[in-house]
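Everything below concerns the one structure shown next.
The values are calculated or read from the model by the stated rules, or taken from the named source; none is laboratory data. If you're wondering where the values come from, they're calculated on a predicted model, not measured in any experiment. Heads up, the Cβs are rebuilt from the backbone with ideal geometry, glycines too, and the neighbour counts pull from every protein chain shown.
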Amino acid sequence: MSDRSTGQFGVARMAAERRRYLGGGSMKNDLDLPLLPSAEQIRRREFATVRRGYDPDQVREYLQGVAGQVETLERELHDQRKEGKAQRPPTPGESLAAAITAGQVMTPATPATTPVPATPAPTIPQQDPYEAIAKRFAGVLESADKEATAALAEAKAEADRVLQEARSEADRIKLDAQARAEQAKQQGTDSLAEAKREAERILGSLSERREVLVTQMHDMQSKLLSVAKELEASIDTEAAEGAEGAEGGDPAAPPSEGGASDDVVDPRYEDMWAIPKGKKMVDIPDLAALDVDFEDKPRD
């Protein structure tokens, strides 16, 4: 039920109780309840649809039940009104008119003695039918108020539970996202540090290889200069010895055949690469190959 309908029922109940107490324990013949909705109005009552509100089918079913109870109370009230009119005692004016009509009115005689007052018959209090209907109607309204209050409390508790679950889920998602972000940040930092270490290692290896190559080139240069000097000295020595032999002549040389003289060959060029007696071949050192392989190899 809506707050407006519940408020109308509560106002109607308070108005009925007020009229009953102000009337001295009795009510008028016709109950003046202008604020009470009829059964048809209850059936046709419409409610705005909101998210997470009451189930429309349950609300409609509840209104149908309340409307049926209102119809039953209206019928009982109508019947009680009829019975009250039929059982209502005649007023003094109506009794006098009836007596005159029946010819029962007579001139009173002068009493000779003081009349003895008659003992009035005990009156049996009769329950006001309207009061009984009002009590039943008030009970129905009170029950409806309790059910509406319970439904409202249940809906509020359910809404609080759903809200709490939503907040817990949001907090869990937030913490999970923060943990993932921290993990990704740590992984990025570790990867960057590893790449930096690898770059430093490669640069260090290249620097060491460069130093080795420079050292090898210097050694090779020194050895080549030494070999060149030895060759130059050997050539000068052989040239000097050849010149001395040509000036003194060689008596052991055989004559040329046919008496023809051969072309004279400069012994300096002929015997340039000959190994003279008592001499040995120039020792050419073995030069190590340059290590120019730049492939990254683990250092020892």
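For this structure, a couple of remarks:
- Any chance Leu141 is surrounded by 10 or more Cβ atoms within 10 Å (Cβ to Cβ) and modelled with pLDDT under 90: yes
- You will find that of Glu147, Glu158, Glu165, the residue that is acidic (Asp, Glu), touching a Phe, Trp or Tyr at 6+ places or on another chain (Cβ under 9 Å) and under 30 Å from Val59 (Cβ atoms) is Glu147 and no other.
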